[in-house]
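Worksheet: one structure, shown below.
The values are calculated or read from the model by the stated rules, or taken from the named source; none is laboratory data. Computed from a prediction, not measured in an experiment: that's the story for all the values here. A quick note on method: Cβ atoms are made from the backbone with ideal geometry, for glycine too, and the neighbour counts reach across all protein chains shown. Accessible surface is based on the protein model in full, side chains and every heavy atom, while ligands, DNA and RNA are left aside. Shrake-Rupley method; radii C 1.70, N 1.55, O 1.52, S 1.80 Å.
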Amino acid sequence: MLNWKDDESYTNSNLHKRVMKMSELKKEAVRSEGTVFVLFGATGDLASRKLYPAIYSLFREGKLSDKFAVVGVARRPKTCEQFREDIFRSIQDFARYKTSVDDPEWIRFAEHFEYLSLDTNDGPGYSRLNDVTTSLESKFEIKGNRLFYLALAPNLFGSVAHNLEVGGLLKSEGWHRLVIEKPFGFDLPSATKLNEEIRQVFDEEEIYRIDHYLGKEMVQNINVIRFSNAIFEPLWNNRHIANIQITLSETVGVEDRGGYYDHSGALRDMGQNHMLQMVAVVAMEAPSRVDPEDIRDEKVKVLKSLRGLHTNAEVKADVVRGQYAEGVMNGEPKRAYRQEENVDADSQTETYFAAKLSVDNFRWAGVPFYVRTGKRLPAKTTEVVVEFKKIPDHVYLAKNQAVLPNLLVFRISPLEGIYIKINAMQPGSEGTIIPIAMDFCQSCQIGINTPEAYERLLFDAARGDSTHFTRWDEVALAWQFVDSIASGWANNSNELHSYPSGTWGPQEATDLLARDGFHWWPVSGQEESGVTWVEATQT
Ligand code: BG6
């Protein structure tokens with residue numbers, strides 16, 4: 001077992017090296033000690049689109065040795081052969097690496113998968129699960145390390161945790177970890193109840209709450225870029241930054257998830273988790289150590305500093321909500337949200353929201369964080385724009401011309417990279433200032449095959465690194481913030497604005513920034529506000 005205190009290098013000066021060494025050791029432990037992944041919801045969409053491809057990539061890249069096994073658990077009866085065929089299809093359809101049925105590596109990989117048909121409420125059935133798991137451990141020489149992944153509806157988390165304990169699955173000699181998916185509750189009271197249920201069985205350190213945005217490479221890169229560049233970190237505050245804009249836009253509608261989404265809406269589906277996590281990552285202080293708890297402590301401080309929107313008037317002033325109506329996208333007609341399957345014909349659920357957030361601490365006082373997310377918008381993109389303050393007007397060459405502010409843009413997905421907009425002299429002119437872009441596109445580089453968020457997260461959970469998972473206090477603070485907005489809406493303080501599919505949401509979202517003298521910057525490849533940037537130069 002790895003233990004901090006056992007290591008003689010436990011001194012402040014060696015701390016960083018020590019953390020890095022721990023991380024290497026933990027990586028190696030995944031290979032040498034092995035893990036059984038017990039996957040509930042094994043026939044679901046998440047498993048086939050994300051989890052099997054992720055496990056396959058980890059195997060192909062040698063991060064998992066032969067000491068691993070997967071027990072797929074779902075209610076549907078299925079033979080082990082059928083299960084392995086499903087996994088093969090999911091890899092062919094969704095994995096970064098492809099294979100073929102006669103590839104010896106695939107054959108070796110497939111042997112590690114077993115299937116068990118089990119109703120999650122069938123308590124006595126869990127002893128069968130324990131038997132299957134134990135026999136895989138002895139077959140692949142795995143030291144009793146068990147990772148329980150619940151790709152299930154949250155109302156089942158508590159009973160599954162309880163049944164795992166009663167069924168003896170937590171008695172093996174190694175570690176036991178619980179990985180759970182969002183939504184983690186519907187509001188603070190329901191999330192608290194859910195948390196109490198699973199805490200009766202698992203300690204906080206054993207619970208890995210997934211927010212897949214934290215597994216995205218470029219989200220992790222934000223703080224690397226911030227904290228490792230002397231040209232950014234000293235400017236990262238209210239003296240130099242005018243505002244920050246975070247956009248999580250999607251072109252899809254609710255597809256086949258109307259039943260879930262109509263009870264959730266954009267604020268709970270994207271705001272409580274991905275959006276507030278991104279705000280916390282961008283705004284946090286540098287942690288004193290590269291240690292998961294220290295990093296999460298810093299994010300908690302940001303969430304605690306978020307100015308609450310307590311009254312209906314505050315919610316109305318700073319939050320805009322919208323719902324998509326019919327429209328045309330890429331020449332195709334799209335139906336309105338209220339016409340979607342399993343959506344109430346009179347639904348008041350928002351498919352879009354935009355908000356102005358304030359982080360009340362010394363670094364950020366006075367800097368608005370504008371966030372927006374929505375479905376059926378013109379582009380699928382996740383971007384963070386840091387808009388710097390403008391140089392003073394009427395000085396030097398800027399005397400007779402408008403000079404645009406500098407921007408630092410993090411492209412999170414689907415394009416990955418950063419670009420910086422600066423001002424320069426137009427070639428051949430008499431000092432005409434034009435904006436130019438320095439563009440680093442990571443995903444355009446040949447040979448870069450960026451790991452999927454789920455690969456990182458599964459591997460991190462297996463090696464016991466909780467940095468990119470959300471701790472209970474983060475979840476609770478995020479719900480507290482979101483609940484106040486939701487209750488403002490429930491009191492009808494905000495109108496639900498309709499926007500045509502394929503547009504950037506209600507006009508009120510534009511007005512939200514215009515009021516402060518700002519506008520949304522166009523996301524990559526889109527020109528929304530009449531600003532045309534010159535051709536980007538690839539570095
Ligand atoms: C999920 C939401 O958490 O994130 C979905 O439930 C949304 O509604 C998805 O479509 C977006 O994730 P990504 O990685 O495609 O931006």
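Here are the numbers:
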{"item": "Selection status of Val328, more than 16 Å from the ligand (Cβ to nearest atom), open to solvent by 10 Å² or more (accessible area, probe 1.4 Å) and within 26 Å of Gly502 (Cα to Cα)", "result": "yes"}
{"item": "Those residues of the range 136-157 which are open to solvent by less than 40 Å² (accessible area, probe 1.4 Å), part of a helix (DSSP H, G or I) and modelled with pLDDT of 95 or more, in sequence order", "result": "Leu136, Glu137, Phe140, Phe157"}
{"item": "Within the range 206-231, considering residues that are open to solvent by less than 20 Å² (accessible area, probe 1.4 Å) and part of a loop (DSSP other than H, G, I, E, B), the one farthest from Glu196 (Cα to Cα)", "result": "Asp211"}
{"item": "Long-range neighbours under 6 Å by Cβ, at least six apart or interchain, first residue closer than 16 Å to Ser117 by Cβ and among the charged types (D, E, K, R) within the range 79-99, second open to solvent by less than 30 Å² (accessible area, probe 1.4 Å) and at pLDDT 95 or above", "result": "Arg84/Ala110; Arg84/Phe113"}
{"item": "Filter pass, Pro435 being open to solvent by 30 Å² or more (accessible area, probe 1.4 Å), at pLDDT below 95, over 22 Å from the mean Cα position of the chain (by Cα) and not small (Gly, Ala, Ser)", "result": "no"}
{"item": "Count of residues meeting criterion [at pLDDT 95 or above and either more than 30 Å from Asp516 (Cα to Cα) or not aliphatic (A, V, I, L, M) (or both)] in the range 315-329", "result": "9"}
{"item": "Qualifying residue in the range 186-194 (condition: within 16 Å of the ligand (Cβ to nearest atom) and either part of a loop (DSSP other than H, G, I, E, B) or surrounded by 20 or more Cβ atoms within 10 Å (Cβ to Cβ) (or both))", "result": "yes"}
{"item": "All positions within the range 42-78 that are touching a helix residue (DSSP H, G or I) at 6+ places or on another chain (Cβ under 6 Å) and closer than 13 Å to Ser117 by Cα", "result": "Val71, Gly72"}
{"item": "Meets criteria (modelled with pLDDT under 90, more than 19 Å from Ala54 (Cα to Cα) and not in a helix (DSSP H, G or I)) for Val386", "result": "no"}
{"item": "Condition met for Val254 (assigned to a loop (DSSP other than H, G, I, E, B), modelled with pLDDT under 95 and crowded, with 16+ Cβ neighbours inside 10 Å)", "result": "no"}
{"item": "Some residue of the range 508-521 being among the charged types (D, E, K, R), modelled with pLDDT of 90 or more, assigned to a loop (DSSP other than H, G, I, E, B) and open to solvent by 60 Å² or more (accessible area, probe 1.4 Å)", "result": "yes"}
{"item": "Residues of the range 212-255 classified as aliphatic (A, V, I, L, M) and within 16 Å of the ligand (Cβ to nearest atom), total", "result": "8"}
{"item": "Residue in the range 338-347 that is over 29 Å from Ile225 (Cα atoms), of a type in the set (Lys, Arg) and more than 16 Å from the ligand (Cβ to nearest atom) present", "result": "yes"}
{"item": "Number of positions in the range 399-432 that are open to solvent by 80 Å² or more (accessible area, probe 1.4 Å) and in a loop (DSSP other than H, G, I, E, B)", "result": "5"}
{"item": "Neighbours by Cβ (under 7 Å, 6+ apart or cross-chain): first from the range 239-268, among the acidic types (Asp, Glu); second more than 10 Å from the ligand (Cβ to nearest atom) and assigned to a loop (DSSP other than H, G, I, E, B)", "result": "Glu250/Leu377; Asp256/Glu341; Asp262/Asn342; Asp262/Val343; Asp262/Asp344; Asp262/Ser347; Asp262/Thr349"}
{"item": "Every residue from the range 429-479 that is within 16 Å of the ligand (Cβ to nearest atom) and aromatic (Phe, Trp, Tyr)", "result": "Tyr454, Phe469, Trp479"}
{"item": "Matching residues, the range 96-135, being exposed (fewer than 13 other Cβ atoms within 10 Å of the Cβ), within 30 Å of the chain's Cα centre (by Cα) and farther than 20 Å from Thr43 by Cα", "result": "Lys98"}
{"item": "Any hit, the range 385-396, residues being of a type outside the set (Gly, Ala, Ser), farther than 17 Å from Leu248 by Cβ and open to solvent by less than 10 Å² (accessible area, probe 1.4 Å)", "result": "no"}
{"item": "Pairs where the first residue, in the range 477-489, is open to solvent by 10 Å² or more (accessible area, probe 1.4 Å) and the second is among the charged types (D, E, K, R), C-beta under 6 Å, 6+ apart", "result": "Asp483/Asp187"}
{"item": "Checking Tyr352 against (1) aromatic (Phe, Trp, Tyr); (2) surrounded by fewer than 20 Cβ atoms within 10 Å (Cβ to Cβ); (3) over 24 Å from Lys301 (Cα atoms), the condition it does not meet", "result": "(2)"}
{"item": "Scope the range 355-378; condition open to solvent by less than 10 Å² (accessible area, probe 1.4 Å), within 16 Å of the ligand (Cβ to nearest atom) and not charged (D, E, K, R); matching residues", "result": "Val371, Thr373, Gly374, Leu377"}
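Residue by residue, here is whether (1) at pLDDT 95 or above; (2) basic (Lys, Arg); (3) in contact with a Lys or Arg (Cβ under 7 Å, 6 or more places away or on another chain) holds:
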{"site": "Glu28", "(1), (2), (3)": "no, no, no"}
{"site": "Phe37", "(1), (2), (3)": "yes, no, no"}
{"site": "Arg75", "(1), (2), (3)": "yes, yes, no"}
{"site": "Ile91", "(1), (2), (3)": "yes, no, no"}
{"site": "Val101", "(1), (2), (3)": "no, no, no"}
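One line per residue, one yes/no per condition, for (1) without any contact (Cβ under 8 Å) to a residue 24 or more places away in the chain; (2) under 19 Å from the mean Cα position of the chain (by Cα); (3) buried (at least 21 other Cβ atoms within 10 Å of the Cβ); (4) more than 16 Å from the ligand (Cβ to nearest atom):
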residue	(1), (2), (3), (4)
Asn273	no, yes, yes, no
Ala283	no, yes, yes, yes
Ala286	no, no, no, yes
Pro292	no, yes, no, yes
Asp297	yes, yes, no, yes
Lys304	no, no, no, yes
Leu309	no, no, yes, yes
